[in-house]
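> Take this structure, written in structure tokens, and hold onto it; I'll ask about it next.
Computed from the coordinates by the stated procedures, all read-outs in this text should not be read as laboratory data. Computed from a predicted structure; not experimentally measured. Glycine gets a Cβ as well: all are built from the backbone with ideal geometry, and neighbour counts include every protein chain shown.
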Amino acid sequence: SDEVWDAFWRSTNEAPVVDTWSDVIEAEKWYREGKIVHLYLQMEDGTVNHIRLKEGGYVGYTITQDSFWVKIPLDVFDQVFEKVQE
């Protein structure tokens, strides 16, 4: 629903970036643990954004060569995560 998407994007924009790379070995382990689903969103200008959703409330996106993760509240995250898996 529009309400769920609005809450999801608002939470994503307000969430702080999670430091997942301070320890590279732990970061690789963290990335492999848990399920990740991928969203490909086509914008009105034709560009496509790749968004990753990782169990636990994590939303990942890539800007240039760098990947960033934010953590959003599970009540918002789970609604989108579950729907994407259908």
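> Sort 5-17, 70-82 by packing, meaning the average of other beta carbons within 10 Å per residue, with the highest value first. Walk me through the intermediate numbers first.
Numbers: 5-17: 13.5, 70-82: 16.5.
Most protected by this proxy first, the peptides run 70-82, 5-17.
> For the chain, give the magnitude of the charge dipole about the Cα centre (Cβ charges: +1 Lys/Arg, -1 Asp/Glu; no others), in debye to the nearest 20. Working shown, then result.
Values: 8 positive and 17 negative charges, 53 e Å.
Roughly 260 debye for the chain.
> So, R0 is 22 Å and r is the distance between the beta-carbons of TRP5 and LYS35; what FRET efficiency does that work out to, to 0.05?
Efficiency for this residue pair is about 0.60.
> Divide by every residue of the chain the summed helix terms, -39500 (n - 2.57) for each DSSP H run of at least 4, and state the resulting mean residue ellipticity at 222 nm, rounded to the nearest 500 deg cm²/dmol.
Computed ellipticity for the chain at 222 nm equals -11500 deg cm²/dmol.
> Right, something else. Could you give me D for the chain, from Stokes-Einstein at 20 °C and 1.002 mPa s, where the hydrodynamic radius is the Kirkwood radius over C-alpha pairs? Units µm² s⁻¹, please. It would help to have the intermediate numbers written out before the result.
On the way: Rh = 13.7 Å.
Result for D is 157 µm²/s.
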